[in-house]
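Read through the structure below, which is laid out as structure tokens, and then see the notes.
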2 protein chains.
Amino acid sequence: MKKSITIKEIAAEAKVSIATVSMVLNKKDKKISEATREKILYIAQKYNYTPNTMARSLITKQTRTIGLVIPDIVNPFFPEIARGVEDKASEFGYSVIYCNTDDKIKREDKYIKVLTEKMVDGIIFAHSSDRQMGFDSLDKCKVPIILIDRDYDNRNVIGRVIVENKEGAYMATSYLLNRGYKNIAYIAGSITTATAIGRLEGYNRALADRNITVKNSFIKVGEYKMQWGIEAVEQLLNENEPIDGIFCGNDLIAIGAIKKLKERGLNVPGDVGIVGFDDIYLASLVEPPLTTIKQPNYEMGYKAAELLIKNIEKMRLDRIKYENKEDLVQENTLLLPTELIVRKSTK
Amino acid sequence: MKKSITIKEIAAEAKVSIATVSMVLNKKDKKISEATREKILYIAQKYNYTPNTMARSLITKQTRTIGLVIPDIVNPFFPEIARGVEDKASEFGYSVIYCNTDDKIKREDKYIKVLTEKMVDGIIFAHSSDRQMGFDSLDKCKVPIILIDRDYDNRNVIGRVIVENKEGAYMATSYLLNRGYKNIAYIAGSITTATAIGRLEGYNRALADRNITVKNSFIKVGEYKMQWGIEAVEQLLNENEPIDGIFCGNDLIAIGAIKKLKERGLNVPGDVGIVGFDDIYLASLVEPPLTTIKQPNYEMGYKAAELLIKNIEKMRLDRIKYENKEDLVQENTLLLPTELIVRKSTK
DNA sequence: CTGAAAGCGCTTACAG
DNA sequence: CTGAAAGCGCTTACAG
């Protein structure tokens, strides 16, 4: 491909210094005469000058690039987040490098390292549910990190964007109880993350508020996949305790659960009431359409990017190292509300 | 965040030159004594040295970063492509910057420019259907480009990965004809791209092969969205000519079409046979599950990244400018086959 | 086996 | 209003 000209060559042709060219091209040209300015701009235009941002970054120590580390863009949970991040980033003139970790800690660490080497200005990170310890790579990381969705106490993080999981789960479970369902199971994706714990608490609380005893056999723990919804329903139906309602840890589980219930000849929501969590794209398209707790994914990505970039720019301005991150995290924790979306079949 | 040490500081502490440190750290250290090597490695380890790839890129002229420019990651068509790209890229040690254009030519041009400035080694580009001319920005682009899915004749491109649209559409239409449907409409997303033209040709051909006259009123052109499927069915049902089958330009259209048909009390596939195109994630989850032409999206992304990176590395090795791109495009055109996926309702 | 030096393309005080 | 110079953190011939 054609090579781009440099400011050196422009300077030569314009018979000025490279400093002058640099100033004009960066619009720090208040002190430059109109004549030289126009001459330089004309030449740059003529040769289709493209600045080399690598050279610039080397000096300014900013790349205007951020990293987005997520488990899997194919999981319908993540595209909206990714879109939110990219929208906000491009609004601020930042680019985003995205990485799929498949929830593997090794890959997470690798990507954190690669992104650090590429000198990204910051990272937005939805980490694996398995990551309960071993944050060495994050501690070593020289780049500010915002955690999204999956929340842990962690020192090496400047902020978090999380969701009102407890409140959402409470809403979901209460919705089922209010509609007369009594024996409500909870099919969880995991039970270790703050996210999962919040959802479990909300479920427990909703039952407790109505003096319903929580049955351990009604709580099934697996993974956030459709297949697990299928298996969990299989288990629940094969046990002695009858159920008539299910709160599912996410929509994918709920879709699997519906599939299995229908196979067994049970109607949803006639025989068994179901509520999911997340409100992914396909929740409205499956049949019956899924009643679900809307998690504001787009907003989560958008807000995370905003938080990150604002902090990046602030750090640069203040020339502060922010060693004391405890305060920062408190200040930069965003809790997004959830919402119950009731959908009825068109049939 | 903590500042990383530089090779200069390592050199000082090890009492060697920076050249030696550089060689050791880059494993070009055949000629370096074991003692100095270990000393350097130890110090680098001790201070958690992170190379500054900006500085490196400035010299080597390679960033090991590629750009992925797509309309919208939220459109379920793209996550698999994006995943394929990222998988192959990371396999080769490349990162990927992704950009959403919303099919807007202005945004495409902006991103191409930004990526060029960031000195990406290459770009994978699924461009807007509206882009029928005005490739100036691409012509100006100093970076090799691989086109995916949407194909145009264009000089400034080193390769293409496209799909057997014609064959797929032929399969889809023939499938409906073989099952006894006679009056088959085609709800197209667009009609201008090579992709769309291929699908239309396949549809026409399947009808022609059975001596069925193509009716213009059976061909509806709109956009690749669910809403258009709904509207197009509305139109088709309000017209005089009865239909009993629909080939849809993509799955989203097909899902909208099914929705509308059901609203009107028509059974799918009992009353109206439907085939989609793309095989997106939710095709199996809607009810009735969608029979569709599988477009190998993951593979498309994967192959595109492979093609791109191989060409990048080859160009670097050969130190060739590849001005004559005509040949290159021929050589680097990958045509991926489609496949008919028949799905039956579980009810 | 190792070092001194040039240079990648830029920005940023500083001097005039 | 403009230029000379230093330097960002590296790599790469070249010399010894």
Q: Check residue A:214 against each of (1) touching a helix residue (DSSP H, G or I) at 6+ places or on another chain (Cβ under 8 Å); (2) more than 14 Å from chain B (Cβ to nearest Cβ); (3) in a helix (DSSP H, G or I) and name the one condition it does not meet.
A: (3)
Q) Do the conditions hold for residue B:169, that is, is it touching a Ser or Thr at 6+ places or on another chain (Cβ under 8 Å) and either modelled with pLDDT of 90 or more or not in a loop (DSSP other than H, G, I, E, B) (or both)? A) no
Q | Condition met for residue A:4 (buried (at least 22 other Cβ atoms within 10 Å of the Cβ) and at the interface with chain B (Cβ under 10 Å from one of its Cβ atoms)) | A | no
Q: Could you list all residues from the stretch B:189-201 that are more than 19 Å from the chain's Cα centre (by Cα) and within 10 Å of residue B:277 (Cβ to Cβ)?
A: none
**Q.** Top-ranked residue in the stretch A:25-38 [being near DNA strand C (Cβ under 9 Å from one of its atoms) and under 15 Å from residue A:49 (Cβ atoms); ranked as modelled with the highest pLDDT]
**A.** A:25
Q. Of the residues B:49, B:94, which single one is of a type in the set (Phe, Trp, Tyr), away from DNA strand C (no atom under 16 Å from the Cβ), in contact (Cβ under 8 Å) with a residue 60 or more places away in the chain and over 30 Å from residue B:226 (Cα atoms)?
A. B:94
Q. Is it fair to say residue A:114 is in a helix (DSSP H, G or I), surrounded by fewer than 22 Cβ atoms within 10 Å (Cβ to Cβ) and modelled with pLDDT of 90 or more?
A. yes
Q. Name the residues in the stretch B:184-204 that are assigned to a helix (DSSP H, G or I) and crowded, with 20+ Cβ neighbours inside 10 Å, would you?
A. B:195, B:196, B:198, B:199, B:200, B:202, B:203
Q. Do we have residue A:32 as touching a Ser or Thr at 6+ places or on another chain (Cβ under 7 Å) and either without any contact (Cβ under 8 Å) to a residue 24 or more places away in the chain or farther than 30 Å from residue A:104 by Cα (or both) here?
A. yes
Q: Scan the stretch A:45-70 for residues that are surrounded by fewer than 17 Cβ atoms within 10 Å (Cβ to Cβ), in a loop (DSSP other than H, G, I, E, B) and at the interface with another protein chain (Cβ under 8 Å from one of its Cβ atoms) and jot them down.
A: A:48
Q.
Yes or no: the stretch B:62-73 includes at least one residue that is more than 9 Å from DNA strand D (Cβ to nearest atom), at pLDDT 90 or above and in contact with a Pro (Cβ under 7 Å, 6 or more places away or on another chain).
A. yes
Q: Determine whether residue B:338 is polar (S, T, N, Q), more than 21 Å from the chain's Cα centre (by Cα) and at pLDDT 90 or above.
A: no
Q: Please tell me if residue A:90 is among the hydroxyl-bearing types (Ser, Thr, Tyr) and more than 16 Å from DNA strand D (Cβ to nearest atom).
A: yes
Q | Condition check for residue A:207: surrounded by 16 or more Cβ atoms within 10 Å (Cβ to Cβ), closer than 15 Å to residue A:274 by Cβ and in contact with a helix residue (DSSP H, G or I) (Cβ under 9 Å, 6 or more places away or on another chain) | A | no
(Q) I want to confirm something. Restricting to the stretch A:90-120 and keeping residues that are more than 10 Å from chain B (Cβ to nearest Cβ) and among the aliphatic types (A, V, I, L, M), which single residue is nearest to residue A:223 (Cα to Cα)? (A) A:105
Q) Considering only residues of the stretch A:19-44 that are of a type outside the set (Phe, Trp, Tyr), more than 14 Å from chain B (Cβ to nearest Cβ) and away from DNA strand D (no atom under 13 Å from the Cβ), which is surrounded by the fewest Cβ atoms within 10 Å (Cβ to Cβ)? A) A:27
Q | Count - residues of the stretch A:86-104 that are of a type outside the set (A, V, I, L, M) and outside any helix (DSSP H, G or I) | A | 11
Q. What number of residues within the stretch B:71-84 satisfy the criterion of being at the interface with chain A (Cβ under 10 Å from one of its Cβ atoms) and either part of a loop (DSSP other than H, G, I, E, B) or among the hydrophobic types (A, V, I, L, M, F, W, C) (or both)?
A. 8
(Q) Can you find, within the stretch A:1-18, the residue that is nearest to the chain's Cα centre (by Cα) among those that are in a helix (DSSP H, G or I) and within 13 Å of DNA strand D (Cβ to nearest atom)? (A) A:7
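The values are calculated or read from the model by the stated rules, or taken from the named source; none is laboratory data. Because the structure is predicted, anything quoted here is derived from the model rather than measured. Note: ideal-geometry Cβ built from the backbone for every residue, glycine included; neighbour counts use all protein chains shown.
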